[in-house]
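The values are calculated or read from the model by the stated rules, or taken from the named source; none is laboratory data. Bear in mind the structure is a predicted one, so any value in this text is a computation, not a measurement. Every residue, glycine as well, gets a Cβ built from its backbone with ideal geometry; the counts of neighbours run over all protein chains shown.
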Amino acid sequence: MKKQWRHSTLWFIAPALLPVILFLVFPVISGLYISFFDNSGTFVGLENYTATLTDARVINLKQIPGYPPYGALIHNLVWVLFHLPLTIILGLGFALLLKRTMGMTVVRTMIFLGMVVPMVVGGILVRFLFSKNSGLIPHLFKALDIQGLNVNWIAHPQTALVALIATSVWLWVGYAMVVYIAGLTTIPTVFYDVAAIEGSSRTQTLRWITLPMLKNSTGVIVLMTIIWELKLFDLVYASTGGGPGNSTNVMALEMYLTAFKFNDPGKGMAIAVILTLMTLIPISFSVRQTLNPQSES
Amino acid sequence: MDHQDRKTVPATIFGWIIGILWIIPFIGIIMSSIRPSAEIADAGGS
C-alpha cells in the first residue's frame, strides 16, 4: 500500500518536478561542472575560483579608502551597507507617515511606482537624472551652488556608484513601505490605547510597541533586499555597463562580462557559484526561520 | 481644529510633497517622450 502511494505521488509531482530538474537543477550542476574547466576543456580544479578572488575586477582592496573601483564583490557589499539601512528607514518612515495622510492610497501608489518599473527603464532613468546637461540632480546642486556635484555623476568613479545606489533606493523603497504598511495593520490598536493611557510619548510608543511588532516585516524586508542587492544586474547594465573604469561593476554583471564578453565561461561560472553561495547565506536564515518559527523568539 | 486634525494636516502636506518628489523622474519620462530626440540626445553624455 505504501509503495503504491509513493508511485502515484511521483506521477502527480512529475509535471512540476521535470521542468525544475530540466531548467534549474541541470543548469546549476552543469554550471558547477564548467567552473572546474578552462577554455580548452582541461580540468583545472579550483583555479577559476582562485583567479576570480584574486582578480582586481572582483576584489580591489588597494583602492580603499579612496574612491571606486573597489571590485565587483566589494561593490555588492557597499550596496548592502548603504542600500539596506536606507530602504528600512525610508520604508518605515513612509509607512508611518502615510498612515495619517489624506489621499494616502494615491501617495502610496506614487511611491510604489518604482517597483512596477522594469529595472532597465530604471537604468535609463539614471542616465537622465544624473546627466550634467539634462539631469535633475546636478541642476539641484548647481542651484545650491555646490559646483563639485554639478557634474555628470555616472561619468565619474567618485559619484557613479552613489548615483546607482540612490536610484536603487528610490526604486526599491516602495516594496519596504508596502510590507511595513501590511505589518502596521496587524498591530492591535489596544496596545496604542494602553500606551496613550500610560502617558507614553510617540518615541516610546515607536520604540516599545511599533518596532518590536514589526520584527517579522523587517526580517522579510532585510532578506528580500539583500537578495535583490546581490543579484543586481539590469540596473547597472542599462545605466553604466559597470563603468566608468569598472567603478560600478557588480558580481552578476562581472559574471556576464566574463562568460560572454571576455569569452571565459569557466571563470564566469566560478563567479556565478560564488554569487550563489553569497545569496544562500541570507536564504538559509530565512528557511531556518520558516521551518522553525519559534527559534527567533 | 481638533487634536487629530493638527496631526493630520502637516502629515498630509508632507506625505504629498514626498509623493510628488518621488514621481518627478517618471514625469521626466513622459515629458521626454513627447519631445524631439535631438533635445534629449545629450542624456548620459559628459
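Descriptive notes on the structure:
- Candidates B:ILE40, B:ILE20, B:ILE29, filtered to the one that is modelled with pLDDT of 85 or more, under 30 Å from A:ALA238 (Cβ atoms) and either facing another protein chain (nearest Cβ under 7 Å) or surrounded by 12 or more Cβ atoms within 10 Å (Cβ to Cβ) (or both): B:ILE20
- Being farther than 23 Å from A:ILE221 by Cα and not in a loop (DSSP other than H, G, I, E, B) is a description that does not apply to A:PRO69.
- Qualifying positions in the stretch A:231-265 - assigned to a helix (DSSP H, G or I), surrounded by fewer than 22 Cβ atoms within 10 Å (Cβ to Cβ) and in contact (Cβ under 8 Å) with a residue 60 or more places away in the chain: A:ASP234, A:TYR237, A:ALA238, A:PRO265
- Filter pass, A:VAL25 being in contact with a helix residue (DSSP H, G or I) (Cβ under 8 Å, 6 or more places away or on another chain), aliphatic (A, V, I, L, M) and surrounded by 11 or more Cβ atoms within 10 Å (Cβ to Cβ): no
- Inter-residue pairs, beta-carbon under 9 Å, first surrounded by 13 or more Cβ atoms within 10 Å (Cβ to Cβ) and in the stretch A:196-209, second in a helix (DSSP H, G or I) and aliphatic (A, V, I, L, M), 6+ apart: A:SER200/A:VAL194; A:SER200/A:ILE209; A:THR205/A:ALA195; A:THR205/A:ALA196; A:LEU206/A:LEU96; A:TRP208/A:ALA195; A:ILE209/A:VAL194; A:ILE209/A:ALA195
- Single residue of A:GLY123, A:GLY148 found to be surrounded by 17 or more Cβ atoms within 10 Å (Cβ to Cβ) and at negative phi: A:GLY123
- Per the conditions (1) modelled with pLDDT under 90; (2) assigned to a helix (DSSP H, G or I), the sole criterion not satisfied by A:ILE165 is (1).
- If you go through the stretch A:182-195 and keep only what is surrounded by fewer than 19 Cβ atoms within 10 Å (Cβ to Cβ) and either closer than 22 Å to B:ILE20 by Cα or not β-branched (Val, Ile, Thr) (or both), you end up with A:ALA182, A:LEU184, A:PRO188, A:PHE191, A:TYR192, A:ASP193, A:ALA195.
- Options A:THR105, A:THR87, A:THR50; residue that is among the hydroxyl-bearing types (Ser, Thr, Tyr), within 27 Å of B:MET31 (Cβ to Cβ) and assigned to a helix (DSSP H, G or I): A:THR105
- Residue match in the stretch A:94-114 (condition: under 21 Å from A:LEU232 (Cβ atoms) and either of a type in the set (Ser, Thr, Tyr) or surrounded by fewer than 21 Cβ atoms within 10 Å (Cβ to Cβ) (or both)): yes
- Residue check for A:MET177: more than 26 Å from A:GLY71 (Cα to Cα), of a type in the set (A, V, I, L, M), surrounded by fewer than 17 Cβ atoms within 10 Å (Cβ to Cβ) and modelled with pLDDT of 90 or more: no
- When the criteria are applied in full, A:ILE165 meets the requirement of being under 17 Å from the mean Cα position of the chain (by Cα), crowded, with 19+ Cβ neighbours inside 10 Å and of a type in the set (A, V, I, L, M, F, W, C).
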